[in-house]
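K.L.:
Have a look at this one before I ask anything.
The values are calculated or read from the model by the stated rules, or taken from the named source; none is laboratory data. Computed from a predicted model, the values in this text were never measured in an experiment. Glycine gets a Cβ as well: all are built from the backbone with ideal geometry, and neighbour counts include every protein chain shown.
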């Protein structure tokens with residue numbers, strides 16, 4: 001029996017529940033050069049050493065940091081955090097770093113109102129791991145659903161209904177119960193720091209767009225003939241990156257009438273913004289062109305071209321930056337969200353994505369799945385990535401298995417979809433076009449595809465480069481694990497690629513009832529396309545296949561074959577019903 005005192009204490013504990021609000025400090029947070037010493041003075045001007053501006057610690061219980069400030073053999077150490085009083089001038093303490101890359105759990109002193117956090121710039125920019133988050137106390141009786149609106153929200157609202165939404169993501173996080181659902185109402189949300197670890201659901205109502213990146217809406221006009229502009233950038237841009245002319249459709253991606261597909265959604269162009277390509281050539285030698293736009297960096301200054309009569313204040317140039325991410329394990333549902341100019345990092349998550357669009361980003365994948373044990377991805381779109389569209393990795397401890405249904409991957413520089421070591425992907429339906437390659441499990445990844453289309457993938461496009469293989473469906477790369485790289489296709493179509501179906505090492509990959517047409521080199525290479533019912537694998541479905549199947553069912557033969565070919569009724573077992581089904585196939589094929 002539980003005493004009344006215990007019941008009361010349980011009630012108090014429930015009311016005083018704490019929740020974690022993940023305030024991820026991304027590269028944009030570390031905007032100041034140098035490291036702050038324990039006395040508050042800034043030391044060093046090297047661009048690799050950076051710190052934040054003042055971070056408000058009001059309501060913060062502790063900081064959980066993952067950081068690196070010095071090598072294992074370093075002799076000089078700096079504080080990870082320097083604490084400041086209410087006046088934001090007086091230093092009231094600091095927390096010294098350890099050598100190497102470390103995790104820290106640091107309580108906020110009662111005398112501290114503000115903090116400055118130090119980091120290495122390369123670490124802050126490149127890591128996808130947790131850099132910083134803060135624990136807040138949850139309000140009593142916190143709601144399970146909170147509404148936010150970038151158009152009509154007010155942080156003075158309670159956020160409990162769509163009629164009274166809050167304005168900021170931070171305010172929504174403070175109100176929302178642990179692992180609640182955040183509903184984003186119709187509108188554009190510019191560079192919000194969303195950490196998926198906060199939510200059980202992230203739902204869009206209406207046309208919801210998360211628009212990240214560095215927006216250039218004002219720059220110096222260098223050459224009126226070339227419409228060449230310049231601007232000093234506070235950060236570096238990798239040469240593999242694309243820049244984008246926002247909301248000016250890319251005319252070279254106009255959809256041909258004979259290629260229209262329901263996954264295009266009735267659009268006129270595949271790409272909603274125009275790509276700007278990096279050039280190694282001196283900008284002074286660029287030719288005047290409205291069709292091919294260029295960018296380069298010289299002495300820290302970005303130079304770029306746009307079409308004539310472009311108004312940057314109305315159609316800015318965007319440099320992709322930042323990510324939508326999760327800093328800890330979670331189960332989540334994400335519906336009806338568009339993410340532009342940044343990737344979606346899904347680390348150690350389970351759940352589902354539906355009608356989620358991610359594109360025009362510079363990353364290993366527009367969708368990055370890492371250690372996602374199970375994830376259903378339905379009617380999602382990955383486009384304009386400088387690498388893969390959908391990309392999956394995993395580890396021996398955390399395998400990934402992603403199921404795609406009617407997904408669309410297009411105009412990505414490398415693969416439309418690719419899974420790697422310790423990963424599996426499954427496709428039902430879907431369209432993958434105008435990528436470097438279509439669907440490509442690699443280095444131990446395994447993929448199954450049913451009724452999926454790949455077309456027009458290859459090295460012919462400016463965005464893919466000339467070193468892509470141009471395969472429709474392909475298993476490639478030597479596995480570093482015991483699992484062989486493989487692809488299994490059934491009723492799939494490959495059109496106008498270089499190679500339709502391919503398995504670099506042969507192995508256990510196969511195709512069943514697949515179609516390959518107008519692929520410029522090979523329709524099928526190192527992979528056999530079986531007919532359903534061709535049990536003995538001789539290329540013809542006839543009575544000998546019935547004999548082979550009956551003998552197998554009776555245990556009178558050790559002949560091996562692919563069960564999918566003989567499982568006519570698709571119930572995952574071989575029995576007399578499959579014999580009857582095979583006989584019907586033979587009778588139907590007779591003249």
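K.L.:
Among the candidates 362, 330, 348, 335, which residue alone is modelled with pLDDT of 95 or more and within 30 Å of residue 422 (Cα to Cα)?
P.N.:
335
K.L.:
Now for a separate question. Looking only at region 384-398, filter to residues that are touching a strand residue (DSSP E or B) at 6+ places or on another chain (Cβ under 7 Å) and not in a strand (DSSP E or B); which one of those is surrounded by the fewest Cβ atoms within 10 Å (Cβ to Cβ)?
P.N.:
387
K.L.:
Can you pull out every residue in region 458-480 that is under 11 Å from residue 498 (Cβ atoms) and either within 20 Å of the chain's Cα centre (by Cα) or buried (at least 18 other Cβ atoms within 10 Å of the Cβ) (or both)?
P.N.:
Listed by number, the residues that qualify are 458, 468, 469, 470, 471, 472, 474.
K.L.:
Within region 473-485, identify whether any single residue is in contact (Cβ under 8 Å) with a residue 24 or more places away in the chain, more than 23 Å from residue 537 (Cβ to Cβ) and assigned to a strand (DSSP E or B), and answer yes or no.
P.N.:
Yes, some residue in region 473-485 is in contact (Cβ under 8 Å) with a residue 24 or more places away in the chain, more than 23 Å from residue 537 (Cβ to Cβ) and assigned to a strand (DSSP E or B).
K.L.:
Residue 366: under 30 Å from residue 252 (Cα atoms), touching a residue at least 40 places away in the same chain (Cβ under 8 Å) and within 10 Å of the chain's Cα centre (by Cα), yes or no?
P.N.:
Judged against the criteria, residue 366 is a match.
K.L.:
Take residue 145 and tell me if it is over 24 Å from the mean Cα position of the chain (by Cα) and at pLDDT below 95.
P.N.:
So residue 145 does not fit the description; no.
K.L.:
Can you find, within region 279-326, the residue that is nearest to residue 237 (Cα to Cα) among those that are touching a strand residue (DSSP E or B) at 6+ places or on another chain (Cβ under 6 Å) and free of Cβ contacts under 8 Å to residues at least 40 places away in the same chain?
P.N.:
Within region 279-326, the match that is nearest to residue 237 (Cα to Cα) is 296.
K.L.:
Would you be able to tell me the number of residues in region 441-457 that are in a loop (DSSP other than H, G, I, E, B) and over 22 Å from the mean Cα position of the chain (by Cα)?
P.N.:
The total comes to 2.
K.L.:
Among the residues of region 357-380, how many are surrounded by fewer than 24 Cβ atoms within 10 Å (Cβ to Cβ) and under 11 Å from residue 408 (Cα atoms)?
P.N.:
Total meeting the criteria: 3.
K.L.:
Please work out which one of (1) in contact (Cβ under 8 Å) with a residue 12 or more places away in the chain; (2) under 30 Å from residue 276 (Cβ atoms); (3) assigned to a loop (DSSP other than H, G, I, E, B) is the condition residue 466 fails and give its number.
P.N.:
(1)
K.L.:
Of all strands (runs of 3 or more DSSP E) completely enclosed by region 250-350, which ones contain at least 3 residues that are over 22 Å from residue 385 (Cα atoms)?
P.N.:
In region 250-350, the matching strands (runs of 3 or more DSSP E) lie at 330-340.
K.L.:
Looking only at region 203-237, which residues are part of a loop (DSSP other than H, G, I, E, B) and touching a helix residue (DSSP H, G or I) at 6+ places or on another chain (Cβ under 9 Å)?
P.N.:
Result: 226, 235, 236.
K.L.:
While we're looking at this one, here's another question. Just need a number here: residues in region 503-526 that are crowded, with 16+ Cβ neighbours inside 10 Å and under 30 Å from the mean Cα position of the chain (by Cα).
P.N.:
Counting residues in region 503-526 that are crowded, with 16+ Cβ neighbours inside 10 Å and under 30 Å from the mean Cα position of the chain (by Cα) gives 8.
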